[in-house]
Amino acid sequence: MMEQIYRGAEAVVIVKGNTIIKERIRKSYRLLQIDEKLRKQRTRSEASLLREAARAGVNVPRIIEEFSFSLTLEKIEGKMVKNILNKNNMSSICKIIGKSIAKLHCSDIVHGDFTTSNMLIIENESTSKPFKLYLIDFGLGLRSAKTEDKATDLHVLREALESTHFNIAEKAWKIILKAYQQEYKGAEKAIGSLKNLEKRGRYRDRTG
């Protein structure tokens, strides 16, 4: 049995048994040859980023099969962080979030859409590690050593916290940043770049 659970501008996501199939959509406005080339490149890039993230120590869905325009992935039986993050579990979960983005950035991997919608949590019985965090959807990801690109990851996360988890956003952000700084040597540069990015955004808002 197959069930479509998401349809976006770039891809459809289907559940099939214990797997997730992510297939990139054909764009009729593009020339067929160009469309196929782009879809192949983006599928290959996402698969590569998933493998590199796993090597970096980040929990991601395992790739079961890779085709020209689609990936068949392990289905993670977890809960979306967006739906469960609260003041009671905030400390534990946000520490893991900070460490996970630090591991990506240490390996020059930029997620591209680092929101709590793209994080799944599995609760463990272990008292020392009650939560296991998985990162999903690297469709907008890239390899980059640029501090500005890593700052954009942080910016997207901060905006997600402020819009979706506004009642705990400030405390959650501080916990994430502390863990990020502990794990990633380039954290201060990325945070400095984030501040500049946010200043430019506020300036545009005032003058726009």
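The values are calculated or read from the model by the stated rules, or taken from the named source; none is laboratory data. Please read these numbers as outputs of a predicted model, since none were measured by experiment. With ideal geometry, Cβ positions are generated from the backbone for all residues, glycine too; neighbour counts draw on all protein chains shown. Areas reflect the complete protein model, heavy atoms only, side chains present, ligands, DNA and RNA absent. Shrake-Rupley method; radii C 1.70, N 1.55, O 1.52, S 1.80 Å.
Residues being of a type in the set (Gly, Ala, Ser) and modelled with pLDDT of 95 or more: count how many of those fall in the stretch 4-50. Outline the logic, then answer.
First, the residues of the stretch 4-50 that are of a type in the set (Gly, Ala, Ser): 8-9, 11, 17, 28, 45, 47-48.
Within this subset, residues satisfying the condition of being modelled with pLDDT of 95 or more are 45, 47-48.
Number satisfying all stated conditions: 3.
Set side by side, the residues Met80, Met90 differ, and just one is over 28 Å from Arg24 (Cβ atoms), out of contact with any His (no Cβ under 6 Å at 6 or more places or on another chain) and surrounded by 14 or more Cβ atoms within 10 Å (Cβ to Cβ), which is Met90.
Got a sec? Which of Leu73, Leu104, Leu31 is in contact with a helix residue (DSSP H, G or I) (Cβ under 9 Å, 6 or more places away or on another chain) and more than 25 Å from Ile175 (Cβ to Cβ)? Just one listed residue meets the conditions, Leu73. With the structure loaded, tell me whether Thr152 is open to solvent by less than 20 Å² (accessible area, probe 1.4 Å) and of a type in the set (S, T, N, Q) or whether it fails that test. Answer is no for this residue. Please verify whether the stretch 126-138 includes one or more residues that are within 23 Å of Ala190 (Cα to Cα) and surrounded by fewer than 18 Cβ atoms within 10 Å (Cβ to Cβ). No; the residues of the stretch 126-138 include none that is within 23 Å of Ala190 (Cα to Cα) and surrounded by fewer than 18 Cβ atoms within 10 Å (Cβ to Cβ). Within the stretch 40-73, being under 26 Å from Ile96 (Cα atoms), of a type in the set (S, T, N, Q) and open to solvent by 50 Å² or more (accessible area, probe 1.4 Å) holds for one residue alone: Asn59.
The selection criterion, being touching a Phe, Trp or Tyr at 6+ places or on another chain (Cβ under 7 Å) and open to solvent by 20 Å² or more (accessible area, probe 1.4 Å), holds for Glu123.
When Lys171 is tested against (1) surrounded by fewer than 13 Cβ atoms within 10 Å (Cβ to Cβ); (2) at pLDDT 95 or above, exactly one condition is not met: (1).
Is there a residue in the stretch 184-195 that is touching a residue at least 12 places away in the same chain (Cβ under 8 Å), within 30 Å of Gln41 (Cβ to Cβ) and either assigned to a strand (DSSP E or B) or open to solvent by 60 Å² or more (accessible area, probe 1.4 Å) (or both)? Taking every residue of the stretch 184-195 in turn, at least one turns out to be touching a residue at least 12 places away in the same chain (Cβ under 8 Å), within 30 Å of Gln41 (Cβ to Cβ) and either assigned to a strand (DSSP E or B) or open to solvent by 60 Å² or more (accessible area, probe 1.4 Å) (or both).
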